[in-house]
Amino acid sequence: MEMRAGEEEIEIGEDMTPSVIPLSYALHDAFLHSHCSSCFSLLPGTDFTRHHHAPTLLYCSSVCSSSHFSPAELHLLHSLPSSDLRAALRLLYHYTPSSSTNRICGLLTNREKLMADEEISARVRDGAKAIAAARRIEMDENEKNEDALLEAALCLVLTNAVEVQDHEGRSLGIAVYGPNFSWINHSCSPNACYRFIISPPDNVLPFRDESRLRILPAGTKSDNGVHDNIEFPKGCSGSGPRVIVRSIKRIKKGEEVTVAYTDLLQPKEIRRSELWAKYRFICCCTRCIASPPSYVDHILQEISASNMATSSLSSELSFYRDEATRKLTDYVEEVTAEYLAVGDPESCCKKLENMLITGLLDELLEVREGKSQLNFRLHPLHHLALNTYTVLASAYKIRASDVFAQHSEVGGLSWEALSMSRISAAYSLFLAASTYHLFCFESSLLASVANFWTSAGESLLALSKSSAWDSLGKCGFPVLNLSPLAEHKCSKCSLLESFEVNSSCGQDQTRKADLDSVTNRFLDCFGSLLQKVWGFLIQGCRYLEVFKDPTDFTLDIWDFDVRLTHNDVDFKNWANKSASGTEDLGYIDQWRMDIFQLGVHCLLYGGFLAGICYGPHSHWTNHIRSALNYEGK
């Protein structure tokens, strides 16, 4: 099945569906004690530090409880906790008896393909037995569970369920939607994305300014809700997290509408592997079949090799590259897992930065006897490098918080906390610039770019507001008592006005925003501010000091060691002089102001892009307004 644009062209940044109600949904076990099991909204008074033992179903209101509660589901929760099983159980309430288990509610179950896999089939059979035991609580004595039906329902969930994420990117649970959403096919270069509405019932009804359904099943000439005699189901009594599909590219009349089922910032082989593991299909979209591979797919897996003999066969080099990629992936995952489990951010930073600088450690790469030992380094835009920047930004942020908490009363080490905050902001900024570079070649990365520019802006604003600056002397910039953002309008780029149009106005005005024009104006201001603060942000960071301009990716990584130098300014000595009053503090105010202005620009641009992806009044744009301390007009 596939969905196509209807009788009109769809511009970038337009809703293509009304809010779609799920057929079935279930919170992940980790959020059962903090979120409503019906609407997925955060429960009031949630204490995330409290440890809970027995799983249970909690609700934000009697409305959610009455539309959702099921004794069978509660039994299943206690016997075999699993969001997949609970979603499959709820899906069966909508099942209409049929002679075939190939489709349920119009959706492909994929049962035959999944049951052909030994590991998956064992999981499905065990799950079906647990669902059968739970259903017996509510069944009449004469009713019987059909094994094939229960297996088909679980296979449908495994195939069609999507992760429901909040505005912070946390995956709260899963949901299965009807054909209006689930029939939209995957592409690694999609022209649409989707957003979730997670809110208590009183806050979402009635829905205002909803788009009509503007996409139709292929071969359908009217939006009558019927295709091949399959009636479109109406969902679960109006409850659950809703989803809206929105265009991120201009879509022609009759053109197929596609979304991404996997992370687009991964190279082709990883995307295909993930899609096959979950959906049992091999992607043959234009991006995947491009020959030679697109620039983005090439650079996302680019690795440089040193000490490789010039006479080496390309097959031999390819073998070692694949082996190096596997070893590097394992190493990054191991260090990241250790950081999350043990909570040692300093060790994490050292290990990951050493990996970025020196490449694959010699002892980690086995070479054939008689061959020179090889060394492989990640290109700065390699997908593992991008993931590493995210981890490093987080780890340096935690280090700054730890140092400041330990020494705030004693004093004397605020400069170290400030240094950690600087480098955290620098990695966030570098990640935003990196993904923007890729976005210039693959416009479907719009949502990722919006996310990273927003994160960079938040990190820069937090740095500019940090009280660690106070140890460097009396600064005149009133960062801790910000005046309204409207007083910080930039007359050069007018980003504030563009953000207002995209986040406050209706859909008809949003679509007229000129993305290219806004982007060019932003880049002009961004480049000017970046020149003033980048050198300061990266002082002491051995890896980032290589990049004199974080937007220039012409760096020849084969010459990495030659270009690896330290900044002439010793931040520690500079900070000590500033704190003792022997250093002129006039430029500190200007640095702070420039960092603040850079953060505002990144946040506003990220907010503008988020408005295109997620629409006005979305959680994203509201979140950005809050971060900017701005209420608008």
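The values are calculated or read from the model by the stated rules, or taken from the named source; none is laboratory data. Just so it is clear, the model here is predicted, and its values are computed rather than measured. The accessibility values were calculated without ligands, DNA or RNA, using every heavy atom of the protein model including side chains. Shrake-Rupley method; radii C 1.70, N 1.55, O 1.52, S 1.80 Å.
Computed quantities for the displayed model
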read-out	value
Per-residue SASA entry for ILE282, accessible area with 1.4 Å probe, Å² rounded to 10	110 Å²
Accessible area per residue in Å² at 1.4 Å probe, computed on segment 140-193	36 Å²
Under Karplus coefficients 6.51, -1.76 and 1.60, residue-wise ³J(HN,Hα) of segment 239-250 in Hz, glycine/proline x	9, x, x, 8, 10, 10, 8, 9, 7, 10, 9, 6
Pairs beyond 32 Å (Cα-Cα), from LYS252/LYS548; LYS129/LYS268; LYS350/LYS532	LYS252/LYS548; LYS129/LYS268
Solvent-accessible surface (1.4 angstrom probe) belonging to TYR95, in square angstrom, nearest 10	50 Å²
Estimated vicinal HN-Hα couplings, Hz - segment 160-175 in sequence order (Karplus 6.51, -1.76, 1.60; Gly, Pro = x)	9, 5, 10, 6, 8, 10, 8, 5, 8, x, 6, 8, 7, x, 10, 8
Amide H within-cut-off set for GLY173, under 5 Å, with H built and near neighbours excluded	HIS28, VAL164
With every protein chain in place, segment 135-202: carbon and sulfur % of accessible area (1.4 Å)	39 percent
Accessible-area value, PHE452, 1.4 Å probe, nucleic acids and ligands omitted, Å²	40 Å²
